[in-house]
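Peer 1: Below is one structure. I have some questions about it.
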Amino acid sequence: MTDAAITFAGFGLAHRRAGREETLLHGVDLALPTHGFYAFVGASGGGKSSVLRLLAGLVEPREPAPRVTGDLVVLGQSLANGFPAALRGDVAAILQDEGLLDERSPRANVELALRQADRSPLLAAGLLAVVGLDHAPDETARLSGGMRKRLAVARALASSPRLLLCDEPTAGLDPAGARTIAALLRQAHDQDRQRTTLVVTHDLPAFAGTLDGVLVLDRGRRTLRLEGPGYEPTAADTAAAPGDGPVAASEALHGVRTLLLQAAAFGESLLEAVRRLPPFELAETARATWRACVEPAPFVALGGGVLGGLATFFALQNNPLHGGMESALLTGTGKVALAVLVPLLAGFFFCARVVAGATARLGAMKRTNQIAALQMMGARPADLLLTPMVWAMAIGMPVATFAACVAASFAAMAAAAAASGTTAGGFVHPWLAALTGRDAVVVVGKAALSGLLVAVASWHLGIGPKRSSADVGEAVDRAIVAAMAIVLAVHAIVTFAEYA
């Protein structure tokens, strides 16, 4: 056992789904020797990726976890009670979608992984050269499919892992490109005598001549076995599981579990927003805040201007006293507009402009395994993504609200002149007469609190499970509705408490 990189001891694995539970593996006893370079093969849907994600500590926390029996030991550490923190850095994964951070350059991707491993970022150039990317484009989004695979290898090697897990690293490549990646992985494996490499693949020919063994998931027997490097798949290895198949499970119980996990996840998101509030990357937080202050402001100001102008025009135009008490009418309109209506509308417009984009970005990162890649590096996604978003929205919404109030005031002045010939001097004093410093504090407080809670909601919905682009779209829709509901609730509660 001490010589094994991975040990399965009476190991069983079952997927939990609504209304059913499907056993994938049962009673597996197997030790995978250290320092080997292994392929991991088996029929699609048999559980290879599920095993790989267990080994990598990437179980989705918002869904009922797979039912695991027995024990699974990685590098001497049991996973019976979850993924041990001691394995972070010793285990790295190259995921099928690579999980590259397209907003960072190839070198910055590797430097981030090096910093998380407490290694010098100066090593990035050497790692890129090892995988043949010393002259790569400056933008990760411009990399070809093969280059993205190479960059994923370089980033995974940044922590010098003792166990390297690869999920379909040759998927989507032509045969020559697949053989190149296979050779590159073997070369990286041979450079570290402490490393064990496990590669999930359907493309065994690409790895011909590179393997020390083949781990076979026998779907029919629901077990694992270790074959020699010359193994070739048989029909029996790809046959469907006999007999019992999926086991009925309580759909109601599954729904309750999922609901409780979702509620716990939202509470955790809120705590994480407070706990990780000090910026981890000050420059990124400053950039995000600047964008949230500048980009939505014209759109929000336009909405504030329309509301302020229309409200003032119709208030004066429909004055039942026909011009009498005009000053008092302007005073009341100014108070209601600037302390209540315009800040509320500004919150709605800010959410419409910012929340959809933020949630879509997070959803795409979840869908393409960028969030999982950050976790594999040992990075906290909240540090790099949630913290900048919280600061951006908590500051950006008050700034946008201020822009809306200014625009509303100027539009109201123009409307007053059009409706009753009021001069600028005759407008300003009554319009601002009833407003106090406390009103300004309340408006800023409502906007800042709304921004913080909206950021948490966007984060929570954006990084939830994403199995398709439809899931990303649904998260965006839900985030917009949730954000507007938050703004409405905060403004209603605070306004009532302050002025009732």
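The values are calculated or read from the model by the stated rules, or taken from the named source; none is laboratory data. This structure is a prediction, so every number in the text was calculated from the model and none was measured. Every residue, glycine among them, receives a Cβ derived from its backbone with ideal geometry; neighbour counts consider all protein chains shown. The protein model used for the area step is the full one, side chains on, heavy atoms only, and it has no ligands, DNA or RNA in it. Shrake-Rupley method; radii C 1.70, N 1.55, O 1.52, S 1.80 Å.
Peer 1: Can you tell me which of V472, V476, V456, V490 is modelled with pLDDT of 95 or more and either assigned to a helix (DSSP H, G or I) or open to solvent by 20 Å² or more (accessible area, probe 1.4 Å) (or both)? Spell out the reasoning first.
Peer 2: Numbers: V472 fails: modelled with pLDDT of 95 or more; V476 fails: modelled with pLDDT of 95 or more; V456 fails: modelled with pLDDT of 95 or more.
Answer to the selection: V490.
Residue-wise test of (1) touching a residue at least 24 places away in the same chain (Cβ under 8 Å); (2) of a type in the set (S, T, N, Q).
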| site | (1), (2) |
| --- | --- |
| S409 | yes, yes |
| H460 | yes, no |
| G464 | yes, no |
| A485 | no, no |
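Peer 1: Would you check which residues across the stretch 133-144 are in contact (Cβ under 8 Å) with a residue 24 or more places away in the chain and surrounded by fewer than 18 Cβ atoms within 10 Å (Cβ to Cβ) and list them?
Peer 2: Step one: list which residues in the stretch 133-144 are in contact (Cβ under 8 Å) with a residue 24 or more places away in the chain, which gives 133, 136-141, 143.
P137, D138, E139, A141, listed by residue number.
Peer 1: When the stretch 455-488 is examined, which residues are found to be within 12 Å of the chain's Cα centre (by Cα) and farther than 15 Å from A273 by Cβ?
Peer 2: G464, P465, K466, V472, A475 - these are the residues of the stretch 455-488 that are within 12 Å of the chain's Cα centre (by Cα) and farther than 15 Å from A273 by Cβ.
Peer 1: With G445, G451, G437, G426 as the choices, which residue is closer than 19 Å to I493 by Cα and surrounded by fewer than 22 Cβ atoms within 10 Å (Cβ to Cβ)?
Peer 2: Numbers: G451 fails: surrounded by fewer than 22 Cβ atoms within 10 Å (Cβ to Cβ); G437 fails: closer than 19 Å to I493 by Cα; G426 fails: closer than 19 Å to I493 by Cα.
Residue meeting the stated conditions: G445.
Per-residue answers, yes or no, for (1) open to solvent by less than 40 Å² (accessible area, probe 1.4 Å); (2) within 19 Å of the chain's Cα centre (by Cα); (3) closer than 19 Å to G47 by Cβ:
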site: V73; (1), (2), (3): yes, no, yes
site: L79; (1), (2), (3): yes, no, yes
site: P84; (1), (2), (3): yes, no, no
site: Q96; (1), (2), (3): no, yes, yes
site: G99; (1), (2), (3): yes, yes, no
site: D102; (1), (2), (3): no, yes, no
site: R107; (1), (2), (3): no, no, no
site: A117; (1), (2), (3): yes, no, no
site: P121; (1), (2), (3): no, no, no
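Peer 1: Provide a single number: the residues in the stretch 62-92 that are assigned to a strand (DSSP E or B) and touching a Pro at 6+ places or on another chain (Cβ under 9 Å).
Peer 2: 5
Peer 1: Going by the structure shown, is L151 over 21 Å from L128 (Cβ atoms), in the same structural domain as P33 (by TED's automatic domain parsing) and under 28 Å from the mean Cα position of the chain (by Cα)? Steps first, please.
Peer 2: Details: over 21 Å from L128 (Cβ atoms): no; in the same structural domain as P33 (by TED's automatic domain parsing): yes; under 28 Å from the mean Cα position of the chain (by Cα): yes.
Criteria not met by L151.
Peer 1: Would a scan of the stretch 347-355 turn up a residue that is within 30 Å of L95 (Cβ to Cβ), of a type outside the set (D, E, K, R) and crowded, with 22+ Cβ neighbours inside 10 Å?
Peer 2: Taking the stretch 347-355 as the starting set, the residues that turn out to be within 30 Å of L95 (Cβ to Cβ) are 354-355.
Subsequent filtering for residues that are of a type outside the set (D, E, K, R) retains 354-355.
From what is left, the residues that are crowded, with 22+ Cβ neighbours inside 10 Å are 354-355.
Yes, some residue in the stretch 347-355 is within 30 Å of L95 (Cβ to Cβ), of a type outside the set (D, E, K, R) and crowded, with 22+ Cβ neighbours inside 10 Å.
Peer 1: Right, next: Going by what's in this entry, would E111 be described as acidic (D, E) and part of a helix (DSSP H, G or I)?
Peer 2: On the way: acidic (D, E): yes; part of a helix (DSSP H, G or I): yes.
Yes, satisfied.
Peer 1: To continue, here is another question. From the list L215, L198, exactly one residue is closer than 24 Å to V28 by Cβ, in the same structural domain as G99 (by TED's automatic domain parsing) and out of contact with any Cys (no Cβ under 9 Å at 6 or more places or on another chain). Which is it?
Peer 2: On the way: L198 fails: out of contact with any Cys (no Cβ under 9 Å at 6 or more places or on another chain).
Exactly one residue qualifies, and that residue is L215.
Peer 1: While we're on this one: Could you give me the residue pairs with C-beta distances under 8 Å whose first residue belongs to the stretch 258-282 and is at pLDDT below 70, whose second residue is of a type in the set (K, R) wherever it lies, and which are 6+ apart or on separate chains?
Peer 2: Close Cβ pairs (under 8 Å, with a partner that is of a type in the set (K, R)) amount to T258/R62; L261/R62; Q262/R62; A265/R62.
Peer 1: Just for strands (runs of 3 or more DSSP E) wholly inside the stretch 148-240: which have at least 1 residues that are open to solvent by 10 Å² or more (accessible area, probe 1.4 Å)? Full working, then the answer.
Peer 2: Working: elements: 163-167, 196-200, 213-218, 223-227.
Output list reads 163-167, 223-227.
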